[in-house]
Structure formats: C-alpha cells, structure tokens
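Q: Before I ask anything, let me first share the structure, which is written out below as structure tokens.
Any read-out appearing in this document is the output of simple, stated calculations on the displayed coordinates, not a laboratory observation. A quick note: this is a predicted structure, and the numbers were derived from the prediction, not measured. Cβ atoms come from the backbone with ideal geometry, glycine included; neighbour counts cover every protein chain shown.
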C-alpha cells in the first residue's frame, strides 16, 4: 500500500516538475494555430462555396490575423492558395477601414506585387488600395512604375483607383460605367469596393454583379450584399446556372426595391438588361410615376421586349403617364406589327420630347429595334456629340442592313465635322469589323470632346 502511494506521489511530483518547465500557450500562438488550420481548409477545398466557413472564421479574427496571414502566404506554393489567403486579407481590411497595418506586414504585401502570377499581383494591389496609409500609396505608385506590361499597369491602376474612390463613395456615372466593363477583374473590384454602401448606384451595381456571366463577380457581389442586409442569401447560389438563380434574384430585387433610395434612369437601363422577366416588369411598372423624358427610352425598350408581360407593363406605364400616343400598339400582336407601332411611338417621342432626350443613352434601345427603328435613332442623333451617340454609330457601321450602314455614314460625317475616316459602308460583310474599327479609333482619340452619356469602349 505504501509502495503504491509512493509511486503515485513520485509521478505527481514528476508531473509537477514537467509542468513547471512547459511554457503556457500564448494567445498569439493559439490564434496562429487556429488560422493555420483554417488556411489548410481554404487551400485544400476545390469549390469557393466549400471554403466559405473557414474563410469567415479567419475574417472574424480581424486585424490581428493580418500578420499571421502574411506569414501563411509566404509558405503557400499554389496560386489558388495564395489567392484565397489574399481574399481573406481583403475582407479583413474592408471590415476594418481605419485599421493600421504594421510596416513589416505591409512590406510582405508589397513583395506580392512582384509575384510571378498576375492574379496574385492584382490582388495584392487591390489590398494595398484598400489601405489609407500615405506610405502605401507612395509605394504602390513606385511599384507600378516597374511593371513592364503597359496594359497590366493600366488595369492595376484602375483597380487601385476603384478602391480609392470606394472609400469616399462612387458617383453614379463612374460606378455604372465600371460595372459594365469588359474585364471581369474590374467588375469584381467594383463589387468588392462597395462594402457598406446603400446608394441607389451601389445597389444596382451589386444586382448587376449577381447577374454577371462570371462566377467570380457573382461571388464578390453576394459577399457584399450579405454584409448589407445580414441575410443568408435567400437561396441564391452564384454557381448555379441562370435558371437556378432566377427565384432568388426576384427576392433580392424585392429587397432592393424596399431600400430608401432614388433610382436614376441609368439605373433602370441596366436593370432592363436583366435576364429575369419579373425584374423587367417591375422596372417598367416603376416608371409610371416618372415625369422626365429620359425614362421614355426605357419604356420603348420594354415595348420591344421578348416577353409579353414586360411589353404589357411598359404599355400600361405609357397609359398611366397620360402618354396615350401608342398608335394602336398591342402587346400580344405579332412582332412585325408591334415593331411598326414602336417606330411610330419612337417618332412621336423624338418629335415632342427632343430637349429632354439629348443626353439619354440610346444604345440599349438601339440594339433591340428593327432596322427601321435603328435608322430613326441614327437620324435623330445626327449632330449630337455624346459618347453614347458615337458608340451607336460604331455599332450601326457593322449592321447587316446596308441602309443602316449608309445612315451611320451620314451620322458619322456630322459627328466628325465632315472628316473622312475612309469608312466604306459597302464593304463585304467579313470586312465590316475592320471598317468599324476606324470609327472606334476616332472615338478613342477624341474621347475628351464628348459630353453627356458615357459608356464602355467598343470591343474590337
């Protein structure tokens, strides 16, 4: 008995001695272990939807996690892993806009701007753009000067500018221009930089992001929207095809409509491009109380919509606005009959509302009209010097119908002051893109001369 007690006592003493030599785990070490475990998860899972939980846990750690993540990213070998860690860093900074970052951690981020992978360089600059430190701005500019690829430098500069603008709030025009950009990285940067904003332009841009053809843009928009209303997504899954996203998108649109914001005609133009019928119906219905001429092109587009419900909503809004000049338009009539009536409506609007339409972006309307309607708009825009008018001429110059191209040539002469750009409307169909490129080049060279509506550059 005594022996057994002695043995137990011996082990107790031994244990006490060992414990006295073992250092307690520090809070920093514990945090590092937790983050390391989550980093392993976000790096090992294939789908972004599967990494959401560990990513959220990392982001919840806040600014203290940045130092640890800068160390984790140094150890990461795969591009995917680096990008996901950078995503976590970006979200932490977005949630802590006034937080300070140590010089050592900052230097680690600066090193990443020279990484061999473009997307890593892109995200590192994006993160640096989210910081408010003057030191950061100076170093970013210095780094950008070292970038050899001119196009890449321009892209990165735009991303950094988006974040800088995002801190003070986007202007409607600038925001709506950027969300329509042809580069998915720019569209993603727009969504990411909108955290906390509830302006009409921000809401519309985020909705456009949820409709984006690129899943990465849709993921970015969803992250910000969840932050705005603390919802669980209402069943929206950015990885589903559009058919599987329609119902959640309808619910989201209802939420957008409930926000206390005033929508601009340009917002409605973007929403009218939504592939969700109920959204287009809602837009046309919401225009019943509109009193400005600039809303009318949106209703014209509604009259040309492929869905009868949208066409009927647009027609009802015309009637509600006491604009009964629809010239026998019937939403259920055959397309040819409807288009004939639409042209009469368009003609009447142009004749009676001219002063209020000059700064209107007619491009979305132009693209849904038949050839006679396209000619009508080209004739109206002759002599109006806005970027929207110039882009319509560019697209008309590529139209299959010769009469449309001839009218485009007339409008082009008025736009350039009679300057001969050697555009040939009678060129063979396969050469039309080359002919239209002459107009595109002229638009770029004279972009500073345009006023009014701004849109993205035409694609080559």
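Q: Sorted from largest down, give the three principal axis spans of the alpha carbons of the stretch 313-447, whole angstrom values.
A: 46, 31, 19
Q: Let me ask something else. Send over the Kirkwood Rh of the stretch 353-392, from the inverse of the averaged 1/r over different Cα pairs, rounded to one decimal Å. Mind showing how you got there, number by number?
A: On the way: mean 1/r = 0.0975 Å⁻¹.
Computed over Cα pairs of the stretch 353-392, the Kirkwood hydrodynamic radius comes out at 10.3 Å.
Q: Label the stretch 244-331 by shape, choosing from rounded, prolate and oblate, from the square roots a ≥ b ≥ c of the eigenvalues of the Cα gyration tensor; if a/c is under 1.5 it is rounded, and otherwise prolate applies when a/b is larger than b/c, oblate when it is not.
A: Oblate is the answer for the stretch 244-331, as a/c is 1.5 or above yet b/c matches or exceeds a/b.
Q: Label-point separation (nm) for residue 449 and residue 255, each offset 7 Å from Cα along Cα-to-Cβ?
A: Output for this residue pair reads 4.7 nm.
Q: Further question: Efficiency by 1/(1 + (r/R0)^6): what FRET value for residue 102 and residue 350, r their Cβ-Cβ distance, R0 = 45 Å, to the nearest 0.05?
A: The formula returns an efficiency of 0.15 here.
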